[in-house]
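For reference, the structure discussed in these notes is given below.
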Amino acid sequence: MAALDVSGLHKTYGDTEVVAGLSFTVEPGTCFGLLGPNGAGKTTTLRLCLGLTAPASGSITLGGHVIPADAQAARAKVGVVPQFDNLDPDFTCAENLLVFGRYFGLKDADIRPRIPQLLEFASLAGKADARIATLSGGMKRRLTLARALVANPDIIFLDEPTTGLDPQARHLIWERLKKLKSAGKTLILTTHFMDEAERLCDRLIVIDHGRKIAEGSPRELIATHIEPQVIEVFDESCGQLPDFTENHRHLADRVEQSGETAFFYCRDPQPLLTALADADGLRYVHRASNLEDVFIKLTGRELRD
Ligand code: ADP
């Protein structure tokens with residue numbers, strides 16, 4: 001049985017179809033990514049899957065429960081890490097876990113023995129009695145993750161779990177999420193960080209304007225949608241990039257210009273690297289293509305607010 005199955009999902013706000021016929025399936029024990037630019041419909045889709053808002057049409061089954069009809073039973077099996085931490089500032093770390101467990105109908109006698117291991121998992125072992133205001137952003141995120149685990153759910157929804165964190169704090173979250181996956185949990189994740197999706201997700205979908213525009217593993221998506229190598233070329237100071245790009249466009253399979261940088265996507269980078277060796281005043285980075293290149297190709301470079 002799939003952990004989550006979504007079929008033909010539609011949601012409209014006013015005249016706008018925010019989710020426009022979305023279908024996907026999440027297998028148990030995997031990490032599934034929901035990617036898309038701002039306003040693509042990711043948060044709405046998560047809310048629909050949790051039964052927090054009703055669809056115009058379509059079907060959702062979460063943990064074997066039909067949503068929204070049976071949402072309450074489904075939510076008892078599901079952990080949620082929301083986009084913004086909503087820990088209770090009046091309580092300590094341990095108290096936050098206890099109070100949250102009560103929302104799930106758990107007895108204090110069942111929650112209390114779990115608190116040390118939840119804090120340990122969150123690398124907050126010494127912080128049981130610390131007030132929320134004294135925690136760093138990374139600590140708050142980890143406590144929110146621990147809180148989502150209080151009822152030992154099989155499925156965990158994470159809405160941008162590392163937004164606003166520094167690199168060290170992000171790596172710690174990633175490590176914990178991998179541990180959860182190794183323990184057989186299903187993770188359903190939205191993120192703006194393509195490196196995060198590439199690292200964590202077994203499969204993902206890219207959505208835009210409420211529609212699925214790509215689906216696969218990160219590797220499959222890179223192999224299907226993009227040339228394998230990129231050379232990013234930028235001007236050091238002398239303004240030679242436009243001429244260089246025009247004269248060497250034929251050495252790449254595809255060229256994209258974004259601000260001060262030209263992206264040369266290639267199957268064979270050697271001819272362009274040779275040309276760049278003689279090009280004074282230009283700097284470049286040669287790298288393998290990644291999920292961000294796929295994302296930009298599919299959704300464009302213009303800003304979404
Ligand atoms: P994402 O999470 O991908 O940034 P959202 O699902 O938050 O996208 O939003 C998708 C679109 O739906 C946006 O245009 C947003 O303004 C609109 N929207 C979201 N929630 C509501 C709401 N409660 N009422 C009206 N419009 C909404």
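Where a number appears in this text, it was derived from the coordinates with a stated rule and is not lab data. Note that the coordinates shown come from a computational prediction; the quantities given were computed from them, not determined experimentally. All Cβ positions, even for glycine, are placed from backbone atoms using ideal geometry, and neighbour counts span all protein chains on display.
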- Per the charge dipole of the chain (beta-carbon charges, Lys/Arg positive, Asp/Glu negative, Cα centre), the residue among GLY137, ASN38, LEU221 reaching farthest to the positive end is GLY137
- Kindly state, to the nearest 0.05, the FRET efficiency for ASP202 paired with ASP15, given R0 = 45 Å and r defined as their beta-carbon distance. 0.80
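To the nearest 20 Debye, how big is the dipole of region 227-288 about its Cα centre, given +1 on the beta carbon of each Lys and Arg and -1 on that of each Asp and Glu?
Its charge dipole is roughly 220 debye.
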- Distance in nm between ARG267 and GLN168 label points, each 7 Å along Cα→Cβ, equals 4.6
- Extension length gain for VAL285 and VAL66 (0.36 nm per residue less Cα distance), in nm, is 73.9 nm
- Excluding ILE205 itself, what net charge comes from residues whose Cβ is under 11 Å from its Cβ, given Lys and Arg +1 and Asp and Glu -1? +2
- Dipole axis of region 227-288 (+1 Lys, Arg; -1 Asp, Glu on Cβ), positive-most option in VAL230, THR274, ALA262: VAL230
- Efficiency of FRET from Cβ geometry, ARG254 and ALA128, R₀ 51 Å, rounded to 0.05: 0.40
- Message: Can you give me the Rg/Rh ratio for region 20-64, using Cα atoms for both radii and the Kirkwood formula for Rh?
- Response: 0.94
- Whole-Hz couplings from phi, Karplus 6.51/-1.76/1.60, listed for region 137-148; x for Gly and Pro: x, x, 5, 4, 4, 5, 5, 4, 5, 4, 5, 5
- For ALA56, distant residues with modelled amide H under 5 Å away: HIS10, LYS11, THR12
- Note on the structure: A chain fully extended from ASN152 to GLU292 at 0.36 nm per residue, minus the present Cα-Cα distance, gains in nm 47.1 nm
- Task: Taking the dipole about the Cα centre of the chain, with the C-beta of Lys and Arg at +1 and of Asp and Glu at -1, give me whichever of SER123, ASN247, ALA288 is farthest to the positive side.
- Result: SER123
- Helix-only CD estimate at 222 nm, as mean residue ellipticity for the chain, using -39500 (n - 2.57) per DSSP H run (n ≥ 4): -9500 deg cm²/dmol
- Nearest 10, in degrees from 0 to 90: the angle of helix 167-182 to the longest Cα principal axis of the chain is 60
- Message: Only four residue types carry charge here, +1 at the Cβ of Lys and Arg and -1 at the Cβ of Asp and Glu. Report the dipole size of region 59-194 about the Cα centre in Debye, rounded to the nearest 20.
- Response: 320
- Label SER23 and ASP88 with points 7 Å out from Cα along Cα→Cβ: what is the distance between them in nm? 4.4
- Query: How large is ³J(HN,Hα) for each residue in region 62-76, as worked out from phi by the Karplus curve 6.51 cos²θ - 1.76 cosθ + 1.60 (θ = phi - 60°), to whole Hz, x for Gly and Pro?
  - Reply: 10, x, x, 9, 7, 10, x, 3, 10, 5, 5, 5, 5, 5, 5
- Message: I'd like to compare 218-229, 279-290: which one has the highest average count of other Cβ atoms within 10 Å, and what's the full order after that?
- Response: 218-229, 279-290
- Item | Kirkwood-type radius of the chain, with distances r between different C-alpha atoms, in Å | 21.4
- Item | When each of LYS77/LYS140; LYS140/LYS297; LYS11/LYS107; LYS140/LYS179; LYS179/LYS297 is checked by Cα-Cα distance, pairs over 30 Å | LYS140/LYS297; LYS11/LYS107; LYS179/LYS297
- Query: With labels modelled as points extended 7 Å from the Cα through the Cβ direction, what inter-label distance (nm, one decimal) is found for THR274 paired with PHE234?
  - Reply: 2.8
